[in-house]
1. Output ³J(HN,Hα) for region 186-193: one whole-Hz value per residue in order, computed from phi by the Karplus curve 6.51 cos²θ - 1.76 cosθ + 1.60 with θ = phi - 60°, and x for Gly and Pro.
2. What list do you get for Phe261, Phe65 if you sort them by fewest beta carbons within 10 Å?
3. Taking Cα centroids, how far is region 90-159 from region 22-55 in Å?
4. Would you work out if region 63-215 is rounded, prolate or oblate? Take a ≥ b ≥ c from the square roots of the eigenvalues of the alpha-carbon gyration tensor; rounded if a/c is under 1.5, else prolate when a/b is larger than b/c, oblate otherwise.
5. Using Cβ contacts closer than 10 Å as the measure, can you line up Trp268, Trp111 from fewest to most?
6. Would you mind giving the average projected area, over all directions, of the Cα convex hull of the chain in nm² with one decimal?
7. For the pair Arg31/Asp18, report the inter-label distance in nm, with labels modelled 7 Å from Cα in the Cβ direction.
8. So what is the calculated 222 nm ellipticity per residue for the chain, using -39500 (n - 2.57) for each DSSP H run with n of 4 or more, over all residues, to the nearest 500 deg cm²/dmol?
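Every number here is computed from the coordinates shown, using simple stated rules; none is lab data. Keep in mind the model is a prediction, meaning the values are calculated, not measured. In this analysis, Cβ positions are derived from the backbone assuming ideal geometry, glycine residues included, and neighbour counts consider all displayed protein chains.
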Amino acid sequence: MIKVRDIVFGRLQSPDLDLAEEFLTDFGMIRVERTADRLYMRGTDPEPFIHVTHLGEPRFIGLAFNARSEEDLRTVAASEGASDIEDLDEPGGGKRVRLTDPHGYQVEVVWGRKPVDPVDVSRFAVNTGAEKDLRAGELTRIGAGPSHVKRLGHAVIMTTDLRGGTNWYRENLGLVSSDEVYVEGDPNKVIATFNRVDAGPEYVDHHTFLCVDGDKVGLNHLAFEVQDIDDVFMGHAHLHSREKYDHIWGTGRHVLGSQVFDYWLDPWDRVHEHWTDSDRLNDRNPPNLVPAEEGFQSQWGEAVPERFIGHATP
Ligand SMILES: [Fe+2]
C-alpha cells in the first residue's frame, strides 16, 4: 500500500464554463487555462492547478492525490482495477494512474507535475490582546475583494456504505483515522470518518478526506485553504456582495480540525469551502471516537444547518 503525500485537485463537470469561471474567480482562484471543454484553476501555492471543470451535465468526476515517488505510482498501477501509468496532458504535465472508488468516482494518483511559481500575497502581522505591538508603527491596509485560495485541502463524500467507502480510501491511499463520529449513545454507529494523510512524524492537516453516512452517494464539499482568517471573512464579504451566490454555512470554527470556515454553493449546488488554521497532527496523535453532538458543533458560529448535513451532489 502506498501513502499519498496530499490531496491535490478535484474534477467537476458543469454545463457552462463562463459561469463556472465567474464563480471560481469570485471564490478566489486564478485561471490557468481554458479550452473549448475544460477550465483549469490554480491557487497561490505551486500546484499547477487545483480545480478542473469539464464541460457537460453537472456531476462530480473525482479527486486526485499526489504520490510520494514514481515507484509509488508503479505500485498503484499494479493494483487491482487500476489503469496503466498515463501521461497527463494538462497544465503541469506529469503522470497519473486512475482508480475507481466504490461509489464509481475517479481517483487519480499523480506524480511529476511541474510546479508553478507561487503567487505572493502580502500580509501584515496581527496584534492580539496579549501582544499589542506585533505591528507597532505600521498601518494595516488590505484591499477588499475575493479571498486568496492557496490549495485544495480536503474533500467529503457522502456514502451509503461508510465503512466500505472509508476502508477503500485508507487501503488504497494510505490514509489514517483522525476522528470517527458516532450517534450519541451508540459508539458502534459511526456516521462520519475524518481521515488524514500518513506522513509519520511530519505534521499534516487534521483531515484530507472524509466519508459521511447518508441516504445517497455524492460530493458533500470540496474545501480550499486560504491565507488566514482575514481571507475567510474577506471571501465571505466578497461573495455576499455579488448578490448571486447561495451561502450554506458559516462563518464559524469547527470542533474537529478547528478550522475557521465558510461554505458557499457554486451555480450547480456544489459546496466549496474556505478554511484556514487547521489542527496539525502526526503519528503520535491516536484516532478518537467522538459523539456527533460534540463533533459536529462549532466552537463558535452558527450550528450546522440540516441543509448542509444532508447535502450531496452526484
Ligand atoms: Fe470541510
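1. Once θ is set to phi - 60°, the couplings for region 186-193 become 9, x, 7, 9, 7, 10, 7, 10 Hz.
2. Starting with the residue having the fewest Cβ neighbours, the order is Phe261, Phe65.
3. First find each Cα centre; the distance between them is then 13 Å.
4. Since a/c reaches 1.5 but b/c is at least a/b, the shape of region 63-215 is classed as oblate.
5. Numbers: Trp268 17, Trp111 21.
Ascending Cβ contact count within 10 Å gives the list Trp268, Trp111.
6. 16.9
7. 1.1
8. Mean residue ellipticity, 222 nm, calculated: -4500 deg cm²/dmol.
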